[in-house]
Structures are given as C-alpha cells and as structure tokens.
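The values are calculated or read from the model by the stated rules, or taken from the named source; none is laboratory data. Values in this document were obtained by computation on a predicted structure and should not be read as measured data. With ideal geometry, Cβ positions are generated from the backbone for all residues, glycine too; neighbour counts draw on all protein chains shown. Note: areas computed on protein heavy atoms with side chains; ligands, DNA, RNA excluded. Shrake-Rupley method; radii C 1.70, N 1.55, O 1.52, S 1.80 Å.
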Amino acid sequence: MLAGIEPGLVKRVGLSTTRVTNLLATGGGEPAAAIIIPGPGLNYRKLALPPNSFLVGGTVDFRGRVREALNQDQLEEAAHSIAAREIKKVAVVGKFSHRNAALERQARELLLKSSPQFDIVLGSAVAGRLNFRRRLTTAYYTAVTGSSWRYFAGEIQAAFKRRGIEAPLNILKADGGTMPVETSLDRPCETVFSGPAASAMGAYGLTMDQLTSVAVDIGGTTTDLALILEGEPLQASRGALIGGQYSHIKSLAVRTIPLGGDSTVRWQGGQLTIGPDREGPAACLGGTAATPTDAFNLLNGEKLGSSRRVLESLARPSGLTAEGLAQKVIKQVVDRLEEEIQDMFRSWEQEPAYKVWEVIHKRKVKPERIVGIGAAANIFIPALSQRFHCQALVHRYSAVANALGAAIARPTLSVTLHADTERGRYFLDREGLQGKVDSQLQLAQAKQIARDHLTEMAARQGFKEYAGSYEFGLEEQFNMIRGWSTVGKLFDVTVQISPGVIKEFQGVKL
Amino acid sequence: MKKGEAVDKRPTGLVFFPAFDWAISPTHPEREERLLYTRDQLFEEGLMDLPQIREYQPRLAGVEDIARVHFCVPDVESQATEAHRIAAGGALTIADALMNGEIKNGFALVRPPGHHAMRVAHGNRGFCNINNEPIMVEYLRQKYGIKRVAIIDTDVHHGDGTQDIYWHDPDVLFISFHQDGRTLYPGSGFTHELGGPLALGTTLNVPLPPGTTDEGILYLLDQLVLPVIKEFKPELVINSAGQDNHYSDPLANMNFSARGYARLNQKLAPDIAVLEGGYSVETALPYVNMGIIMAMAGLDYSNLYEPDYRGEEFTESRGRLRRLREVVEELRPIFLNREALVARAREKYGSVARRERRIYYDTDGIDEQQEERLYLCPDCPGLLTIDSRARHRGGQKNHIYAVSIPLQGCERCRQRGLELYRENVGRAGAPWDFLYLQDRVADNYRREPGGRLA
Ligand SMILES: [Zn+2]
Ligand SMILES: [Zn+2]
C-alpha cells in the first residue's frame, strides 16, 4: 500500500488489526485464572465462569464500603491451585471494586507474596464502570491476550522501523477511536472488532455532516452495519461481546449479518436461501456457485463475466427465468438488510430510560442516507436506499473506506468520575485512580476534576492536541438524605473525547 | 416444579424506572435517591445482561387508562404528572409483554408508587396519586379480556387505595398483609374489612404484629394466601410489592429480609409484580429488589443477603405466630363461605347500600367526605355512585358526583347509570363542581362541569 511513498513522509500510522479478535475466536492466548470476589448477590457457583475461576469471600458495597474482609484462606487455596496448574496470568476482580479497590489490591499483594511469578490484572484497573460480570470478562481476557498482544505490537513496531517509518503507531479500537500502541499494551481487548469500527469510521470520514447515515459494508460472506446518528457514530449500549459474554470494552453499535456478495444461493426445502457459507468467488469471477454478485451482474449486462449459466440452471426447476431468479435474490438480500437496519433503529429507540425527561423526549430518527462501503457496495445500496426513501452514497473511495477509517480516526478517551462527598472520595473508571473531595463539592467542580484527569491522560498518552475536543456525557447528582437532612452528595460525570477524525483530515471530495 | 412440567424458558420482563429526576420534595422519602443504590446493585450484578431478564422501556399511560380507574379531581392531568404516567405506563408495558407471550412474568420496578390512591383522587395520600396496579389490571381486562385477578399487597402499609377500588368487585381478590393499623399509617386494614355487600370475602386483610419475621410472613403465605388463591382460581396473580416490611425500613417496624422476599415471590409466583413502598434506600432496597427479580427469573438466590443481616436475631416469637394462626383461622372460613355472606348482605341491605366515610390525605392535607351508594343488583356487582367533597389545606373546596358502571354491569344497571349521570349533569343548581361517568362496559369515561359552575 505504501509503495512509491517516501517512508519519511508517513506522519501517522493507523492500524486496525484482528489479532486479538482472532486470538479470542480461536481460544488462543495464554492460560489465565480468575480470582473472583463476588460478595452477596448472584450465585457465581451456578454461572458460566472463565476456566480456572476461584471464588473468594469478601464484600464491598455500592458505596465502596468494605463490609466483609477478604477471606485469606480461600485466597491462599486458590493461589496454590493456580500455581499447581502452572498458570501465571491472574485476573483479580471484585464486585464494586471500582468504588473501592482495597480488596483487589490486598489480594494482589498476598498473591504476589506467595506466588511472585504471577502476572496480575486488577478488574478496577481495566474496567471501572458498573457491571461486575463485564469487569470479570474484561480483566480475564486482558490477562489471556496480554502477552500475545505485547509480542505482536513489538513485531509491528519493529517492522515499521525497518522500513524507516518512525511515525507514531495508533491502534484502532472497537469504539471507532484510536489509542497509541503504548497504551494498548495494558488494554489489548480494546482492539477487538476494530474491523467494523474501521468501516463505520470510513463512512463517517466520507460524510462528515449532521445527517443520519447507515454504513453498510458488504463483504464476501458478511455485511457490517453501523449507525451514524445525526453525525455521531452510535456507541453500543452494552460493551463488546467477548467469549460469549458482554465486556466493558466500548464498542460502536455494529451488527454483522452472515450475508455478502459471495454468499451461496441455493434452494432448500422449496425456499431460496442465501449464505451463510461461500463456496468460492462469484460465478462471473470464475467460481462455480450462484451468488448475489451474479444476480446483480446478470441484471446489469454481465459486465463482470458470465452469470447466466449458473443462474439459469438454478432457476430451471422452479420455473423462473434467470432474470426472475436474479431479481428474487436481490430482493431477498435487500429485504434482509432493510429488516436488520430497522431493527437497529428500533433497538436504539427502545433503550431503557431512567429519567422522566428521557422518556418524554424520546426521539425517533430515520435514516437519511445509506453509505455503501466495500467493493460490492454498489450492488445493493441504491435498492436499499429506495426502501428508506433516502440518499445513497457509494463514493469512489468506498472500496477502501475501511482503510480510510483506520487512518483518519482520532484518539478517543472517556473518563467517568464517581464522587461521594460523604465518604470524601472520588473514583475514576480508568487505571483504578481515586482522590479526595471535600464535603462541599459541587457538580461544576466534579466536572472539572474529571476534565483535568482527561487532559492529563491525553497528554501522558501523547495526544494532548485532542484534549480540548472533550464533551461531557453523563452528568448526575444525587442528594443523600438520612432522616430529613442532607448528609452528602453523589456525582457521576463522564467526560470524553468522542470518535472523530484527526485534525489533518479535511474530508473527501464527493 | 412438578415432574413432567415444562420449564418456561422465556425471560422475566423488567421495567426499571427510578425516576432519577422526580421527587415529592427534596428530602421526602419519595425522592430521586430512592432507587439509586438499587440501580447500582442491579447494574453491578449485570442482571440485565442475563438471558433470563429482558429489560423494557416504560411508556406513558394514557389519560383514558387512568380515567378507567380513577375519578381525578379536577382532572387527570392535575393528579397524574409525567412521572406518575410513566410509572403506571411501566406496569402497562410489562402487561403487554406478558400478554404477547414475550415474557413468563414481569416486574415493574417503578416509582412513584400508587397503592394508597383510591377511586376518587383529590390529591396525594401516602405518597400516591394514582394507583398503578388497578390501572394495569383494568387495562388487562379491557384489552385482553382477563376476568379474574388476584392482587396480593405485600407492602408494610395497608393497601387501602387498591382495597377501595376493588371493594365492590367480586372478581378481583385483594389480600393485603401489613403492619397492624393500630401502629402504622394508614390505620386501616383490619380483619373485619371484607369488601362491599356483593363482594364480601374477596377482600382480606391481615394485620401483622410489629416485629414479624420471614417465618411469620411465609407462614401466612402458606396457610392463608396460597390456599385462598388456589380456591379463587385467578387468571393472573399480581404482587403489589412494597419493600418496607424490611427490618431496616425507617417508616415501619417489621423484620423481613431480602431472602424472605425472594422466597415469598418464589412461592407466590406472581405473573406481575409492581413496586410499591420501601424507604430503606441503602440497606434494604438494593437487596430486596435483587431478591424479587432473582426469584421471578428462577435464579438461585441462596447467595443473596444484606451485608448486615444477622438471621439469628430474627426468630419468630410464639406470641406472634399464635396471633397469625388466629387470623388465618378467622379469615379462611370467611373466604370459603363468602357466597353465604353475600346472600345475607343482600337481605340486610335491600336495594341500596350506603357507606359514608372520611378520608384523609396526609401528604396534601386534604379532608374528604364521601358518600357511596351501591344499587344492589341480582345480576351484576351493582351500580355505584359517589358524592365526594374535599377541603384542601388552603381552604379550597371541591365537590364531585361520580357514577361508576362496573365492568360486569348488566344492561339494566348500565342504563340506570347513564340516566343518573344525564339527569345530574343537566340539573340546575346542583351542588357539584364536576360530574364523572365511568362506563366500564363501554369503556367510556366522561367528566363535565356541574350545575354549580353553570
Ligand atoms: Zn408502604
Ligand atoms: Zn346489574
């Protein structure tokens, strides 16, 4: 791709890699264990847990108060078992550890005393928002993938260096933003599902306006859908699915459908089916099976090669003509895509709401444009956009839009602060950071603290030029009343650098 | 579960609506903070990620959904704010999901609560303006043709609003167990309160001695509530699920635990639970709500406990158990002989049964004077008229007249009701500010200014 470009001219490298996604899909990575400190609630003995999981007593409550001490006997027993299995990677995850990491830290200390070979990931360091199960998943898979990712990242850096490219290396994340490769070393799981994120950001880069777009990336056997709502890439309400469980990895709301340009078309029990498999390239491109690409090709003058023969032989038993079958195939694909897109909008509209204001002001948004991405984009996009009575965009860069997305995505960073003035403390959802607050803390100050941390983190990670592009998301404050008087306040504040494009990118010509 | 019974794999529906931007007043128990720690606990536990739970967004209840149950004075809009309509709407959302077969059961974990709101609503009493369960039940009956429903009120306070709404309805079984009215708001709910003359025995009240524990409440469930439900054969069982029986509740004096609540819901197996009261925001609610959801979803709750729970401190006393046994022995025969009781009441009252009451609205400081007339009918639960005058704290007065034709009303009663309404709307010099018509047969609700304004 860089052929003919002077290495010194490369100012920035954006990399979208399936390395961790593949590791997780194939069950690769290093064996890891999980020490789980669940306290009261669900019975974790009855739930599907990662392999080598150990339950240890100890309770932190929602206010971050330690209510039951760490059960050191159980911890010691777990440490023995883990060491006996020759496992080195250990995730230690406690319920509400993001409100007080004391038990997790104490466990780490004790584990390292008895088993100094352990390499320990704390839940509070990698996943600091509410949801213990997602924290467990995130921490566990961070432990599993850490070393492989570290190794891979080192190789990539060396490879670029050998080619004389010294530019900073940025890794694309599932949320449509990037992080410097150095940051990724502690947070390997954030690189999962960056493929669909790249195409969504590609669509974003091709449009960059306030319209509501659907990015449709039609590949060989799958199609990725993503939503850009009024100019903002939509984030999933739940984290990325890893190992069948939700995680705390922020991710764009993308949906992958097992349906693509090369999906095999066949009759099954009198029904025309498309995919989910692929037998090879489309017939018009030298393959043997009929595909949606062939259907499109036939109806558009067979510019790509011959599709008629396979479609005719497939159509014959049903009494259809080749053209009739082709139209049926196209319709079926477009039907399916339309249905999935409608469902994505519906899911977004049906997100739970916890405030009167939110319920009253629920919006209904309609797609205003379908953006085609990938080589096969022009096949279905016009027909699909007609269904929604909206614009279609198939740009001349559509075929490389996901590479564009990876290259132009800017860093993202989100910091959520939880402050409890009665306890006099605040907690961040990153790196297990916390600090003191006084009892008179006001919302404006809570926001300031969160913003200062965001600025500091951005600078530390080498992208302070984006620190100014922050916006506040969640802003909540609650008075704590005991009896009839106020004893403190609770604040939850999120400040973030949202997905967007790097400063150098000015958009593309249509 | 019995052998051979199929496991219902469908999820439990959940509407969680904590109304984080709504309070009666900043320091009132019914304030923004009430379900905050419940949110933390449910979210931290990741309950909504489980396949056993399906979360729904609440909708707004319509004006007609509220008018189907209440005579709101002066109108629905002034009694039901958006928050109230969303809480009631959350219950409707669960009702729809249940009837569509999407869920096996459901919990409307919503605020503000409703079980003290009576048929005539002049204002807020016991933190309630409109009553979520009857709004849901009447919607279910109207839309889905449900006839028989059991509402079990497990709040520590007597569900006097729900009792009032179903007082004359023999097809809705209402059982409330609560802390003895001599020691707690609203001061009612005694064993002699059994329903109107034509619905005697389908309202049952169990005053619990202060201090009653899990054991006592589960005893009552096994010995009275469950057998009565079984005999009544309702199509749906509703738990009016207050959580102020908890040992830590600041407004009451009972000793129920989170696991006790879970056990209660497992045994009761309600089709729908709707949150009512419960004001121990940190010590009880996060755990009790977990317990209800876990029990309804069939999740193992053996690891659920309040961090400060010391079970050994809460053993049931012999005295309380004896008291409960007496109540069970008093009420079971009443329920079983309810037809004879109704027959006797018919003889006693003849054609019209009158009831005069004073109702006090603690939150809003309203004093209501009510006269109810039930026109006894051999074919239906009878036509009901209400004359109600309310005096507000500020001196404002409202006087209304309401005609209620019951859902099961016969055509004769219905015509008589329509006639009464028409006559009185047109009557010059009549004393009422507003007249109301509730025609449940036609699902038609009207309100017009009375002669006094004309
Ligand atoms: Zn109550
Ligand atoms: Zn009648």
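The modelled label-to-label distance between B:ARG344 and A:VAL508, using points 7 Å beyond Cα along the C-beta direction, is 8.7 nm. Considering only A:ILE156, A:VAL192, A:ILE82, and ranking their Cα positions along the charge dipole of chain A that arises from unit charges at the beta-carbon of Lys, Arg, Asp and Glu, the one farthest toward the positive end is A:ILE82.
Annotation: amide H-H contacts under 5 Å for A:LYS89 (H modelled 1.01 Å from N, sequence separation of 5 or more, or interchain): A:ALA33, A:ASP119. Within 10 Å of the Cβ of each residue in A:351-364, the mean number of Cβ atoms contributed by other protein chains is 6. A 1.4 Å probe run over the stretch B:351-449, with the rest of the protein chains in place, finds 48 Å² accessible per residue. In this simple spin-label model, placing a label point 7 Å from the Cα along the Cα-to-Cβ direction at both B:ARG427 and A:LYS328 gives a separation of 7.3 nm. Placing R0 at 35 angstrom, the Cβ-Cβ distance between A:GLU351 and A:LEU185 gives a FRET efficiency of 0.55 after rounding to 0.05.
With K and R counted +1 and D and E -1, the other residues having a Cβ less than 15 Å from that of A:ALA69 yield a net charge of -3.
Which net charge results when you count Lys and Arg as +1 and Asp and Glu as -1 among the other residues whose beta-carbon is under 12 Å from that of B:ALA95? So the environment of B:ALA95 carries a net charge of -3. Net charge dipole, chain B: roughly 1500 debye, given to the nearest 20, about the Cα centre with Cβ charges of +1 for Lys and Arg and -1 for Asp and Glu.
The smallest convex shape that holds all Cα atoms of the stretch B:351-449, its convex hull, gives 107 Å³ per residue. Rolling a 1.4 angstrom probe over the stretch A:22-150 with all protein chains present gives an accessible area of which 47% lies on carbon and sulfur atoms. Beyond 42 Å, the tail of the calculated P(r) for the protein assembly as shown holds 47 percent of the Cα pairs. Between A:ASP119 and B:ASP300, the modelled labels are 3.3 nm apart [label points 7 Å from Cα along Cα→Cβ]. The string of couplings for the stretch A:445-453 from the Karplus curve (6.51, -1.76, 1.60, θ = phi - 60°) is 6, 4, 5, 4, 4, 4, 5, 4, 5 Hz, one whole number per residue in order, with x for Gly and Pro. Of the peptides A:490-503, A:17-30, the ranking by mean beta-carbon count within 10 Å, highest at the top, reads A:490-503, A:17-30.
Per residue, the stretch A:414-497 exposes an accessible area of 44 Å² to a 1.4 Å probe, with every protein chain left in place. By the helix-only formula, in which each DSSP H run with n ≥ 4 contributes -39500 (n - 2.57) and the sum is divided by residues, chain A has a 222 nm mean residue ellipticity of -10500 deg cm²/dmol.
Taking Cα atoms only, the orientation of helix B:36-45 departs from the longest principal axis of chain B by about 50 degrees. Amide H contacts for A:ALA253 (H built 1.01 Å from N in the peptide plane; partners 5 or more residues away or on another chain; cut-off under 5 Å): A:LEU227, A:LEU234, A:GLN235, A:ALA236. Relative intensity of the stretch B:1-88 on a log10 scale, I(q)/I(0) at q = 0.21 Å⁻¹, equals -1.06, per a Debye sum over C-alpha point scatterers of equal strength in the absence of solvent. Taking the C-alpha atoms only, the angle from helix B:411-426 to the longest principal axis of chain B is near 60 degrees. Backbone amide hydrogens, once placed in the peptide plane, bring B:PHE107 within less than 5 Å of B:GLY13, B:LEU14, B:VAL15, B:ALA273, excluding anything fewer than 5 places away on its chain. The charge dipole of the stretch A:288-361, taken about its Cα centre with unit charges on the Cβ of Lys, Arg, Asp and Glu (plus for the first two, minus for the last two), comes to roughly 420 debye. With 23 Å as the limit on Cα-Cα distance, the pairs of A:LYS46/B:LYS104; B:LYS9/B:LYS267; A:LYS250/A:LYS464; A:LYS46/A:LYS250; A:LYS250/A:LYS436 that go past it are A:LYS46/A:LYS250; A:LYS250/A:LYS436. Note on B:300-310: average number of Cβ atoms from other chains within 10 Å of each residue's Cβ is 4.
Placing R0 at 60 angstrom, the Cβ-Cβ distance between A:ARG425 and B:PHE190 gives a FRET efficiency of 0.75 after rounding to 0.05.
Applying 0.36 nm per residue to the separation of B:GLU64 and B:GLN52 and subtracting their alpha-carbon distance, the gain on full extension is 1.0 nm. Coupling constants for the stretch A:88-100 follow from the phi torsions by the Karplus curve (6.51 cos²θ - 1.76 cosθ + 1.60, θ = phi - 60°), and in residue order they are 10, 8, 10, 9, 10, 9, x, 5, 6, 5, 6, 9, 6 Hz; glycine and proline get x. So what is the 222 nm mean residue ellipticity for chain B from helices alone, if each DSSP H run of at least 4 adds -39500 (n - 2.57) and you divide by all residues, rounding to the nearest 500 deg cm²/dmol? After summing the helix terms and dividing by the residues of chain B, the value is -9500 deg cm²/dmol. In a reduced charge model with +1 at each Lys and Arg Cβ and -1 at each Asp and Glu Cβ, the protein assembly as shown shows a dipole moment near 980 debye about its Cα centre. Descending by average beta-carbon neighbour count within 10 Å, the peptides B:220-228, A:351-359 line up as B:220-228, A:351-359, the highest first.
With Cα atoms as the point set, chain B shows a radius of gyration and Dmax of 21.3, 69 Å.
When the charge dipole of the protein assembly as shown is built from unit charges on Cβ atoms (+1 for Lys and Arg, -1 for Asp and Glu) and taken about the Cα centre, the candidate among B:ASN205, A:ALA226, B:ILE94 whose Cα reaches farthest toward its positive end is A:ALA226. Against the criterion of solvent-accessible heavy-atom surface with a 1.4 angstrom probe, A:ASP335, B:ASP65 sort, most first, into A:ASP335, B:ASP65. Note on the protein assembly as shown: dipole from Cβ charges, positive end direction compared against A:GLN440, A:VAL181, A:TYR426; the farthest Cα belongs to A:VAL181. In sequence order, the stretch B:71-88 has phi-based couplings of 9, 7, 10, x, 7, 4, 4, 7, 8, 10, 6, 4, 4, 4, 5, 6, 4, 5 Hz under the Karplus curve 6.51 cos²θ - 1.76 cosθ + 1.60, θ = phi - 60°, and Gly or Pro positions carry x.
With the convex hull of the Cα atoms taken as the outline of the stretch A:345-418, the averaged projected area works out to 7.8 nm².
Chains A and B together bury roughly 4000 Å² of accessible area, counting both sides, with a 1.4 Å probe on protein heavy atoms only. Shielding value for B:225-237 is 0, the average number of Cβ atoms from other chains within 10 Å of each residue's Cβ. Placing R0 at 45 angstrom, the Cβ-Cβ distance between B:ARG182 and A:GLN391 gives a FRET efficiency of 0.05 after rounding to 0.05.
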